[in-house]
Amino acid sequence: MSNIIKFPRSEQAEPAPPVPATVPPAKPATVSNAKGKVFLAGVLRFVWIAVVLVWPVLKWLVSIEVFFQFIRMIYHWNTPGVYAGWTFLLHFAVLTALTYFVSIYKPKGL
């Protein structure tokens with residue numbers, strides 16, 4: 001077992017000196033950005049619904065386009081001045097972002 005040692009309590013605790021009351025400086029009035037947030041949420045909800053409704057067709061079209069960019073990247077691999085690798089990465093990132101947007105994200109209120 002363990003030994004528990006209790007420390008002695010001070011019977012007469014000295015009162016703490018009074019703390020002077022300080023008034024925090026007044027903050028300037030900030031304008032609420034609620035209208036902007038509501039507008040952005042509405043636009044995002046509209047875009048999400050539109051993308052979800054055309055997603056089966058859009059997925060195929062963007063996937064075919066990414067495959068074309070992949071073939072183009074392989075063809076222009078050692079051609080100076082042609083940035084086919086970066087173009088492929090950009091198009092693949094767009095496909096990945098759209099897939100994430102449709103499958104994971106869901107706007108509030110739906």
Inset, instruction - Mind counting the residues in the range 64-91 that are open to solvent by less than 90 Å² (accessible area, probe 1.4 Å) and part of a loop (DSSP other than H, G, I, E, B)? - result: 4
Inset, instruction - May I ask you to verify whether residue 95 is open to solvent by 70 Å² or more (accessible area, probe 1.4 Å), without any contact (Cβ under 8 Å) to a residue 40 or more places away in the chain and part of a helix (DSSP H, G or I)? - result: no
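The values are calculated or read from the model by the stated rules, or taken from the named source; none is laboratory data. Please read these numbers as outputs of a predicted model, since none were measured by experiment. Glycine gets a Cβ as well: all are built from the backbone with ideal geometry, and neighbour counts include every protein chain shown. Keep in mind that these areas ignore ligands, DNA and RNA; they rest on the heavy atoms of the full protein, side chains included. Shrake-Rupley method; radii C 1.70, N 1.55, O 1.52, S 1.80 Å.
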